[in-house]
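The structure appears below as structure tokens.
The values are calculated or read from the model by the stated rules, or taken from the named source; none is laboratory data. As the structure is a computational prediction, the values presented were derived from the model and not from experiment. Here the Cβ positions follow ideal geometry from the backbone for every residue, glycine too, while neighbour counts run over all protein chains shown. Surface areas here come from the heavy atoms of the whole protein model, side chains and all, with no ligands, DNA or RNA. Shrake-Rupley method; radii C 1.70, N 1.55, O 1.52, S 1.80 Å.
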Amino acid sequence: MSVGFIGLGNMGLPMATRLVDAGHGVVVFDVRADSVERMVECGAVAGSSARDVADRTDTVLASLPTPQVSEVVAAEVSGGSAVRRYVDLSTVGAQAAQRNSAVLAEHGITALDAPVSGGVHGAEAGTLAVMVSGPRADFAAMESVFAAIGRAIFVSEQPGAAQTMKLVNNLMAATTLAATAEVMVMGVKAGLDAHVMIDVLNAGSGGTHASRDKFPRAVLPRTFDYGFATGLMTKDIRLYLDEARSLGVPSRVAETVAALWETTLAELGADSDFTSIVKPMEDVAGVVVGGEEHGGGG
Ligand code: NAD
């Protein structure tokens, strides 16, 4: 199998690096030349476009920011002369995945949706959860590639099913981060120490991935550098809501969580780190969560 990789951002760069380190020859492309150069330094081969990658490799992976970009790239890849399999690691929603699958199928190319969870740290460590939908034989053929980036879980043969699963996962992650931010602001305003609060939450029944990992890594030290942009988190919540509304299911929690993320997006911008969701809440309350260890208001 020859492997191509398109989209070398926060997630793509460490995933492509792990593929190179695992011994795969990887042809890479990103619209950012500096990212391609970094991968070449790690041992990858530079492609000149998405089409070029698809002309040179039979299995093309992609980690792209939005459904719109994913559809443009999938269309470009579909014209490639060597590509036989397209594996989209991006979060694009079920509808875009189904459209991509149909476009690629017209050219005899198999599509696998393989959105990932576990963040930049998971991508660097090779511990991502990779949820996969598409033909089972292609899932099996990808075993060594998926093993280099994390644990692959087969969701369904139905195109887009893994995207639905990923949106469910991300709505949970968005909700627990928003809820943790809100209760931390409340506790600090009441005079509790933020570090002690996180210790107690993690020892008790209120602990979540937000309190175990995101707060200690990026909020308490005030670095806000977890590696996932507010714009991308908001995109995922909007995709979840689109799908929930089209299914006609209850989404009151999701609507509230969406409003909190839209506020963060409006106030801090799409490029802010998603852990910044606590900042607009801090501003309203007039407190800061974290900072110096066991000191002051946090
Ligand atoms: P990112 O914005 O850091 O990376 C996207 C990369 O795609 C950038 O390097 C960009 O230059 C490149 N790109 C944009 N348009 C392109 C094009 N037409 N051709 C080639 N390259 C192009 O985003 P990210 O955080 O790495 O996320 C990528 C995907 O993975 C998103 O769908 C995101 O929702 C999902 N995701 C992110 C995380 C995370 O923690 N960052 C976790 C799980 C899933």
Stretched fully, the stretch from residue 129 through residue 266 gains (0.36 nm per residue minus C-alpha distance, one decimal, in nm) 46.3 nm
Tabulate in residue order the Karplus-calculated ³J(HN,Hα) for the stretch 193-203, using 6.51 cos²θ - 1.76 cosθ + 1.60 with θ = phi - 60°, rounded to whole Hz; enter x for Gly and Pro.
7, 4, 5, 5, 4, 5, 4, 5, 4, 6, 8
Out of all DSSP beta bridges with both ends in the stretch 1-151, state the antiparallel percent to the nearest 5.
15
For residue 81 and residue 136 in the same chain, what is the full-extension length gain: residue separation times 0.36 nm, less their Cα-Cα distance, in nm?
17.4 nm
With Cα atoms, 0 to 90° folded angle of helix 252-268 axis to the chain main axis:
90
Using every Cα-Cα pair within the stretch 127-258, state what percent have a distance larger than 20 Å.
57
Would you calculate the separation in nanometres between label points at residue 72 and residue 34, each defined as 7 Å from the Cα along the Cα-to-beta-carbon direction?
2.0
With r defined as the distance between the Cβ atoms of residue 259 and residue 213 and R0 fixed at 30 Å, what FRET efficiency is calculated, to the nearest 0.05?
0.75
In µm²/s, what is D for the chain at 25 °C and 0.890 mPa s, where D = kT/(6 pi eta Rh) by Stokes-Einstein and Rh is the Kirkwood radius from Cα pairs?
123
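Using the C-alpha gyration tensor of the stretch 121-191, what are the square roots of 5 times its eigenvalues, in whole angstrom, with the largest one first? Please list the in-between numbers first.
Values: eigenvalues 241, 48, 5 Å².
Equivalent ellipsoid of the stretch 121-191: 35, 16, 5 Å, largest first.
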Any chance you could list P(r) for the stretch 5-124, counting all Cα-Cα pairs in 10 angstrom bins from zero, rounded to whole %?
15, 50, 32, 3
Going by Cα centres, the stretch 126-155 and the stretch 239-298 are how many Å apart?
31
By average Cβ neighbour count within 10 Å, what is the ranking of 120-128, 14-22 from highest down?
14-22, 120-128
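At a 10 angstrom cut-off on C-beta neighbours, averaged per residue, how do the peptides 83-89, 148-154 rank from highest to lowest? Display every interim value, and only then the final one.
On the way: 83-89: 25.3, 148-154: 18.6.
My ranking of the peptides, most packed first, is 83-89, 148-154.
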Report P(r) for the stretch 231-286: all Cα-Cα distances, bin width 10 Å, range 0 to the bin holding the largest distance, values in whole percent.
24, 48, 23, 5, 0
Just to be sure I understand the model, the point goes 7 Å from the Cα along the line to the Cβ. What's the resulting residue 183 to residue 168 distance in nm?
2.4
Show 71, 37 ordered by accessible area, largest first, where the area counts protein heavy atoms only and the probe is 1.4 Å.
37, 71
Count the DSSP beta bridges whose two residues both fall in the chain, then state the antiparallel fraction as a percent rounded to the nearest 5.
15
Amide H proximity to residue 151 below 5 Å, modelled H, separation 5+ or other chain, gives 128, 129, 130
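Can you work out the FRET efficiency for the pair residue 102 and residue 45, with r the C-beta to C-beta distance and R0 = 30 Å, to the nearest 0.05?
So, using R0 = 30 Å, E works out to roughly 0.50.
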7 Å from Cα along Cα→Cβ at both residue 292 and residue 1: what's the point-to-point distance in nm?
5.3
How big is the stretch 32-188 in terms of Cα radius of gyration and Dmax, in angstroms?
16.8, 59
